[in-house]
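Here is the structure we will look at, set down as structure tokens.
The values are calculated or read from the model by the stated rules, or taken from the named source; none is laboratory data. From a predicted model like this one, the values you see are computed outputs, not experimental measurements. Glycine also receives a Cβ, built like all others from the backbone with ideal geometry; neighbour counts cover every protein chain displayed. Accessible surface is based on the protein model in full, side chains and every heavy atom, while ligands, DNA and RNA are left aside. Shrake-Rupley method; radii C 1.70, N 1.55, O 1.52, S 1.80 Å.
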Amino acid sequence: MDVWNLNYFRLFISHTSKYAGFCSNLKIWLIKRSISGFVAHTDIEPTAHWQGTIEYALNTCDALVALVSKDFIKSKWCDQEVGYALGRGVLVVPVMVDADPYGFIGKYQGLKGTGKKAEQIASGLEKILIKHPKSSPRMTEILVGQFENSDTFQEAKMNMSILRKLDHIPELLIKRILTASASNDQIKSSFGVPARAKALAAKHRKK
């Protein structure tokens, strides 16, 4: 059983049924950013033991995003999902829909979601996951893997532009970037990308 896209960052999306459609749309925009979202109302097969599937997703997620709404606050299931993630020590990101973060997640700075489209929320989550100490190492590893597996010149350029946004890339991943630049023909022949890879390596080795 697996509910995640292979080699993507795993993000559990905690929400009430009212926002199931919005979260399904959010999931589409997240996958474009190397983030695999789990949306219980659409990701659980009808014949699956739904509670077991949710527990599996909570046990294996890299972070959780909570769409905090008035009905979310009243939901015991949503509370348990957030508590489960906090207990594991993974990052919990509140997205304020029509209510503020509360309880244990009240101390976290929420992402404003009122009136925003799914694409905008996905972009905001990507920035948080790249920057936050709890999620940055995993996101960095995922993004380097995406660069290594670039299938076209355009993908190589796009993936390199994302890597250049990272604050810290450890030496082991720097070596993987340089190896991919020399061995992957799509990267090696993509104009300017190998040079940018070398510049990126030099920049992070100075830190």
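Data overview
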quantity: Residues of segment 23-54 satisfying the condition of being hydroxyl-bearing (Ser, Thr, Tyr), within 19 Å of the chain's Cα centre (by Cα) and open to solvent by 30 Å² or more (accessible area, probe 1.4 Å); calculated: Ser24, Thr42
quantity: Count - residues of segment 157-168 that are under 17 Å from Asp185 (Cβ atoms) and under 20 Å from the mean Cα position of the chain (by Cα); calculated: 3
quantity: Residue within segment 16-29 that is closer than 16 Å to Met139 by Cβ, modelled with pLDDT of 95 or more and touching a strand residue (DSSP E or B) at 6+ places or on another chain (Cβ under 6 Å) present; calculated: no
quantity: Index of the failed condition, Asp71 passing every other in (1) without any contact (Cβ under 8 Å) to a residue 40 or more places away in the chain; (2) of a type in the set (D, E, K, R); (3) farther than 13 Å from Asp2 by Cα; calculated: (1)
quantity: Criterion: over 19 Å from Ile13 (Cα atoms), of a type in the set (A, V, I, L, M, F, W, C), without any contact (Cβ under 8 Å) to a residue 24 or more places away in the chain and open to solvent by less than 100 Å² (accessible area, probe 1.4 Å) - qualifying residue of Ala201, Ala195, Ala180, Ala156; calculated: Ala195
quantity: Residues that are part of a helix (DSSP H, G or I) and open to solvent by 60 Å² or more (accessible area, probe 1.4 Å), drawn from segment 159-177; calculated: Glu171, Leu172, Lys175, Arg176
quantity: Matching residues in segment 1-17 - criterion: being of a type outside the set (Phe, Trp, Tyr) and either open to solvent by less than 30 Å² (accessible area, probe 1.4 Å) or farther than 24 Å from Phe147 by Cβ (or both); calculated: Met1, Val3, Leu11, Ile13, Ser14, His15, Thr16, Ser17
quantity: Residue among Pro94, Pro101 that is modelled with pLDDT under 95, under 24 Å from Thr60 (Cα atoms) and assigned to a loop (DSSP other than H, G, I, E, B); calculated: Pro101
quantity: Residues that are open to solvent by 10 Å² or more (accessible area, probe 1.4 Å), within 24 Å of Lys175 (Cα to Cα), not small (Gly, Ala, Ser) and not in a loop (DSSP other than H, G, I, E, B), drawn from segment 128-141; calculated: Ile130, Lys131, Pro137, Arg138, Glu141
quantity: Among the candidates Ile44, Ile73, residue that is of a type in the set (Val, Ile, Thr), farther than 19 Å from Glu119 by Cα, modelled with pLDDT under 85 and out of contact with any helix residue (DSSP H, G or I) (no Cβ under 8 Å at 6 or more places or on another chain); calculated: Ile73
quantity: Residue that is free of Cβ contacts under 8 Å to residues at least 24 places away in the same chain and open to solvent by less than 40 Å² (accessible area, probe 1.4 Å), where the choices are Ala85, Ala20, Ala63; calculated: Ala20
quantity: Which listed residue, of Ser183, Ser189, Ser150, is small (Gly, Ala, Ser) and closer than 26 Å to Ile128 by Cβ; calculated: Ser150
quantity: Enumeration of residues in segment 183-192 that are touching a residue at least 24 places away in the same chain (Cβ under 8 Å) and open to solvent by 90 Å² or more (accessible area, probe 1.4 Å); calculated: Phe191
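Let's see how each residue does on (1) among the β-branched types (Val, Ile, Thr); (2) modelled with pLDDT under 95:
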residue: Leu58; (1), (2): no, no
residue: Gly83; (1), (2): no, yes
residue: Gly113; (1), (2): no, yes
residue: Lys127; (1), (2): no, yes
residue: Val144; (1), (2): yes, no
residue: Thr152; (1), (2): yes, no
